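Asks: Just passing along the structure, written as structure tokens.
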Amino acid sequence: MAHSQETRDRVRQLYIEGLPLSGAAATCGVSYDTARDWSAKARAKGDNWDTARAAYRVSDQGIDDLNKQLVEDFARQVIVTTRELEGSKTIQAADKAQMLAQLADAYSKFSKSFSRLNPQYSGLSVALDTLKTIIEYLKVNDPAGLRALQPHIDGIGAVLGKRYGK
């Protein structure tokens, strides 16, 4: 299916403004593979979306907002990766468990390191860990509650980032 230049430009804009590529693609009704292909073709022509994204963050938001965005992006990627692992039918359960453990370890190390460098983020780290604990609890005790919460997780993460990432 061919997409308009307007759609391509919108995916690029959303990505540069901070959405993960998968989120920008989904927002515009485009597959992730298509968006990734557009980004690669643009890079080959000298339009590196990642460089534009970094420039946007630094110029538009300043270093404090950049740090906040890094934490939010990492937390969002943890959530997205967890969802993808949970939904995968091709990965064996033992492999999923190992991947989730590695992801949790990476998240813990990132949060700990980042809060040492930026003490104001320790509150954000605790808030995001609390959100993770709620998700784990619902997964075991109330799967329907978890399904109801899932569409709101990214928004909640953003609110926590604004509240505690000051």
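What follows draws every value from the coordinates through simple rules; no lab data is involved. What you see is a predicted model; the values in this text were computed from it and never measured. With ideal geometry, Cβ positions are generated from the backbone for all residues, glycine too; neighbour counts draw on all protein chains shown.
Asks: Based only on other Cβ atoms within 10 Å, what is the fewest-to-most ordering of Val80, Val140, Val71?
Replies: Sorted ascending by nearby Cβ count, the order is Val140, Val80, Val71.
Asks: Then there's this: What Kirkwood radius, in Å to one decimal, follows from the Cα pairs of the chain?
Replies: 17.5 Å
Asks: Sticking with this one: Calculate, in nm to one decimal, what Ala40 and Leu70 gain on full extension: separation in residues at 0.36 nm each, minus their alpha carbon distance.
Replies: Taking Ala40 through Leu70 to full extension adds about 8.5 nm, to one decimal.
Asks: For Lys112 and Tyr56 in the same chain, what is the full-extension length gain: residue separation times 0.36 nm, less their Cα-Cα distance, in nm?
Replies: Gain in length upon complete extension: 17.5 nm.
Asks: Please quote Rg/Rh for the stretch 5-44 to two decimal places, taking the Kirkwood radius as Rh and restricting both calculations to Cα atoms.
Replies: 0.91
Asks: Continuing with the same structure: Here are some pairs, Lys89/Lys139; Lys109/Lys139; Lys41/Lys162; which of them have Cα atoms lying more than 29 Å apart in this structure?
Replies: Over 29 Å Cα-Cα: Lys41/Lys162.
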